[in-house]
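Inspection log for the structure reproduced underneath, given as structure tokens.
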Amino acid sequence: MKRILPLALTFLLSSTAIPCAADVPHPSDTVTFKYLDATVAYERVRHAFPEISSVVTGIQVKTNTITMDLSDPRAEEVRTRLAAIDQRPKLIMLSAFVVETDEEHSHTTDRSTGKVLSRPTLFTIEGQPSVISQRLSNGKYVKIIIQGRVLAGTVEK
């Protein structure tokens, strides 16, 4: 018993003096987002580049940043991808016609097949929901909720 105790004590003391690989800090850097939420940015890049999970070491919601492990060889590619999607949302104009019509013409785009109740126009930010509402003659309201989606890529003309 006397021999075991000194060996155990020697092991404990020596193991704390030798750093293991997990204790050595890796160089890290952060990417700060100006327009896009950091968690949304992470998810968007993760769908196209699943390897991001081995590069990203944390997401800080309060500072809207993503911390990356710079020792990973893919860190620069992840930084480039993240920076590319942090773009100012576009201001868009929505113009609508609210038309009272019959069932036969309810799916056409021809405004002359009914009574135009209003022509609302609103400005909103791309990707944000918008609401157009109109009071009907019977006192009820029609509400149109428009949910825009930001698509990856662009449409070529």
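The values are calculated or read from the model by the stated rules, or taken from the named source; none is laboratory data. What you see is a predicted model; the values in this text were computed from it and never measured. Glycine also receives a Cβ, built like all others from the backbone with ideal geometry; neighbour counts cover every protein chain displayed.
Observations, loosely collected:
- A search for C-beta distances below 6 Å between a residue of region 78-95 that is closer than 25 Å to Phe123 by Cα and any residue that is surrounded by fewer than 16 Cβ atoms within 10 Å (Cβ to Cβ) and aromatic (Phe, Trp, Tyr), counting only pairs 6+ apart in sequence or on different chains, returns Asp86/Tyr35; Arg88/Tyr35; Met93/Phe123.
- Scope region 129-142; condition surrounded by fewer than 10 Cβ atoms within 10 Å (Cβ to Cβ) and part of a strand (DSSP E or B); matching residues: Pro129, Tyr141
- Of the strands (runs of 3 or more DSSP E) that lie entirely inside region 51-128, those containing 3 or more residues that are in contact with a Leu (Cβ under 9 Å, 6 or more places away or on another chain) and more than 27 Å from Tyr35 (Cβ to Cβ) span 98-100.
- Arg74 surrounded by 13 or more Cβ atoms within 10 Å (Cβ to Cβ), without any contact (Cβ under 8 Å) to a residue 12 or more places away in the chain and under 30 Å from Asp29 (Cβ atoms): no
- In the set (1) in contact (Cβ under 8 Å) with a residue 40 or more places away in the chain; (2) farther than 17 Å from Phe33 by Cα; (3) not aromatic (Phe, Trp, Tyr), the condition left unmet by Ile145 is number (1).
- Checking Ile92, Ile66, Ile4, Ile18 one by one, the residue that is at pLDDT 80 or above, over 30 Å from Gln134 (Cβ atoms) and either among the β-branched types (Val, Ile, Thr) or in the same structural domain as Leu122 (by TED's automatic domain parsing) (or both) is Ile66 and no other.
- If you go through region 45-58 and pick out every residue that is of a type outside the set (Gly, Ala, Ser) and surrounded by fewer than 17 Cβ atoms within 10 Å (Cβ to Cβ), you end up with 6.
- For region 107-146, a residue qualifies if it is in contact with a Phe, Trp or Tyr (Cβ under 7 Å, 6 or more places away or on another chain) and not small (Gly, Ala, Ser), and the qualifying residues are Arg111, Val116, Arg119, Gln134, Arg135.
- Cβ-Cβ under 8 Å pairs, at least 6 apart or on other chains, region 104-124 side free of Cβ contacts under 8 Å to residues at least 40 places away in the same chain, far side part of a strand (DSSP E or B) and loosely packed, with under 10 Cβ neighbours inside 10 Å: Arg119/Ser95; Pro120/Ser95; Thr121/Met93; Thr121/Ser95; Leu122/Met93; Phe123/Leu91; Phe123/Met93; Thr124/Leu91
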